[in-house]
Amino acid sequence: MTGFTLQKAAALSYAGEREWRKGQPYVSSLTGLSAQPDGTVTMLRGSAYGQERYSVSATLERGQVQGAACSCPVGEDGRCKHVAALLARAVTSPADFRELPPLDATLDALDAPALRIVIRRMLSREPDLLGVLLTQPTTQSTTQPNTGQVQPDGADPASDLPGRIRVAFDLMDLPDEDHWHWKNDWDGPDFSELTPMLEELQELVAAALAGDHAAQRSALAAIQATLDGCHDLNTQQPDLDDLSTLVEPARTALLSLLARPLPAELQGAALGTLHESVANLGWPDHEIDGQLDLFTELPAEDRAQTVAFVRGLHDGETGEYDRQRRARTLYALASTGDLSAHENLALARATGDTVMITAALLDSGQPEEATALLAEHPALSLSVVAGLFQDSGALAHLEAFARIRPDPWARRWLFTHLHEQNRRAEAHTVARDALTQLPPAHADTPFWITQLKTVSPDWPADRETLITHWTARPDGPHLPPLVRLLLREHQPERAAQLLHGVPDPVGVLGLDLTRELALQLPAEQALALIIQVAAAHVAGRSRTHYQSAARTLRDAAPIIGRAEAQSAARLLTQEYPTLRALKEELQAAGLL
């Protein structure tokens, strides 16, 4: 009897309804079923058969599915039909799974020579497992590199982590210049062996911060190994998107070390490592934002040296992009107070970043210059910089700028800002002016109607003002938006009056709006519009159009009467006697 229990609800919750249904045909054909305990979890394994044989596995713990995998093309995340089939078999027939000895018991029964044989056999089958082996913690590491720069003579390392990190980078598989077709399909480097080692690094840093000198040396060596490996990766494959997932925690660990007293030789090496990482990998301002508290804890001399080092990098760059990138780093570091306001503004301008320059202008008490800069960049949303103006007490300047900026998004920001501050009268003016200044058919018109109605102290009066304005516009009455507004306000008969004298309402309003209007009118007013809409659909000469014509007459029957709807259908067949598909659709709608 197997030692696991899996309920259908838990299995279905993991696999999902769709994959569960797709997996049912595979349930009975699974082979090689086994269940192996491993501590609190049980590993289920089996083989499924599709285009070829697929290895399927699932991990259970306390009656829940914790994970799964399949070797089929879509099974890497464990959500394929083959995994669903394995789980379904486990639910309905757990006795079909051969119970294997617990994994720990199997391993405990092997002595060192036997383990070596097993590992060699595993590596012969799956060579990629070598990386797993070489990056495991060991009691007598053969991978610890010579890191004399941070380890005084006679000092033993507290951890083999630095060497294992270097091995993980050395084993990383990257496409070369001769295999561009592979590179185009490449998902990026596999950091799965490095991720747990970064967790080890955090533990090592915690010991280092507690004053363990051996841990300090090993932690710094591990940080250096990580940053060096990232630099090598970036050299081979520039602009890797995921590299920050390694660089940022390594640099955070480095700053944590630098923020605490270290032996002199380690302090100099750690600061040099920080500077080298900035030179090789940059120091993005978004990363600095999360590390600024740590940077401010550095001794003032180290901060000054770092700022001077980055300034030297900036001055030595010849390309505009690289100079701006270094300037953004300097500007982010400037918030620690190590630069004057003049230097701060000069750096902000050097970044070429409008938001940074705006912030620097506000910090230096120049709100007028800040709004003038915004006028030169109409694509920048005011909501992005509103917080900067508020923090500097210059929000009134941004409000004044938004009132004169011919930008729909600036107007939207101003309305929202005023409304949130409960300045309803001012918000009402903004919304009303937007509707009287925008063309009635503008895409923003429905939005502003909703907003005006929200803040209006007298919506009926505002509505009449708007209708009068739209009707009297010098470019002629704008019938579609007027009709939409009146239908929205439940005044269809008034909307119909606007069409008096219009020879082709469908051509002016379009099919959908004309149909919407007709279905809200009394029978005597609706009939002519319904017939025009149906005839316009038929003129499209396709079965889809005939279906729309039949649907229009069927939906209008409760209004104009079933007899009138049937009469209109007969008229259409008489006018188009050769359109058999039209007749079929009218019959299907019950109109013939």
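The values are calculated or read from the model by the stated rules, or taken from the named source; none is laboratory data. This structure is a prediction, so every number in the text was calculated from the model and none was measured. Positions of Cβ are backbone-derived with ideal geometry, glycine not excepted, and every protein chain shown enters the neighbour counts. Keep in mind that these areas ignore ligands, DNA and RNA; they rest on the heavy atoms of the full protein, side chains included. Shrake-Rupley method; radii C 1.70, N 1.55, O 1.52, S 1.80 Å.
The set of residues in segment 439-451 being buried (at least 17 other Cβ atoms within 10 Å of the Cβ) and either in contact with a His (Cβ under 7 Å, 6 or more places away or on another chain) or farther than 20 Å from ALA410 by Cα (or both) consists of PRO440 alone.
Here ARG541 clears all of (1) over 20 Å from GLY510 (Cα atoms); (2) within 48 Å of the chain's Cα centre (by Cα) except the condition numbered (1).
Restricting to segment 186-229, what's the tally of residues that are acidic (Asp, Glu) and either crowded, with 22+ Cβ neighbours inside 10 Å or in contact with a Leu (Cβ under 6 Å, 6 or more places away or on another chain) (or both)?
Initial filter on segment 186-229 (acidic (Asp, Glu)): 187, 190, 193, 199-200, 203, 212, 228.
Keeping just the survivors that are either crowded, with 22+ Cβ neighbours inside 10 Å or in contact with a Leu (Cβ under 6 Å, 6 or more places away or on another chain) (or both) gives 200.
Residues meeting the conditions: 1.
Quick check on my filter: what residues within segment 1-21 are more than 36 Å from the chain's Cα centre (by Cα) and open to solvent by less than 80 Å² (accessible area, probe 1.4 Å)?
As a first pass, look at segment 1-21 and keep what is more than 36 Å from the chain's Cα centre (by Cα): 1-5.
THR2, GLY3, PHE4, listed by residue number.
When we screen GLN36, GLN66, GLN24 for residues that are open to solvent by 60 Å² or more (accessible area, probe 1.4 Å), in contact (Cβ under 8 Å) with a residue 12 or more places away in the chain and in a strand (DSSP E or B), the only hit is GLN66.
Note on segment 452-464: among residues that are in a helix (DSSP H, G or I) and touching a residue at least 24 places away in the same chain (Cβ under 8 Å), the one that is most open to solvent (accessible area, probe 1.4 Å) is THR454. Do you know which residues across segment 76-107 are in a loop (DSSP other than H, G, I, E, B) and open to solvent by less than 40 Å² (accessible area, probe 1.4 Å)? Listed by number, the residues that qualify are GLY78, CYS80, SER93, PHE97. Residues of segment 523-536 include at least one that is out of contact with any Pro (no Cβ under 9 Å at 6 or more places or on another chain) and over 18 Å from ALA569 (Cβ atoms).
The residues in segment 223-244 that are of a type in the set (D, E, K, R) and over 25 Å from the mean Cα position of the chain (by Cα) can be counted, and the count is 2.
Are any of the residues in segment 108-116 of a type in the set (Gly, Ala, Ser) and either touching a helix residue (DSSP H, G or I) at 6+ places or on another chain (Cβ under 6 Å) or surrounded by 12 or more Cβ atoms within 10 Å (Cβ to Cβ) (or both)? Reasoning before the result, please.
So the first thing to find is which residues in segment 108-116 are of a type in the set (Gly, Ala, Ser), and the list is 109, 112, 114.
Restricting the remaining residues to those that are either touching a helix residue (DSSP H, G or I) at 6+ places or on another chain (Cβ under 6 Å) or surrounded by 12 or more Cβ atoms within 10 Å (Cβ to Cβ) (or both) gives none.
No; the residues of segment 108-116 include none that is of a type in the set (Gly, Ala, Ser) and either touching a helix residue (DSSP H, G or I) at 6+ places or on another chain (Cβ under 6 Å) or surrounded by 12 or more Cβ atoms within 10 Å (Cβ to Cβ) (or both).
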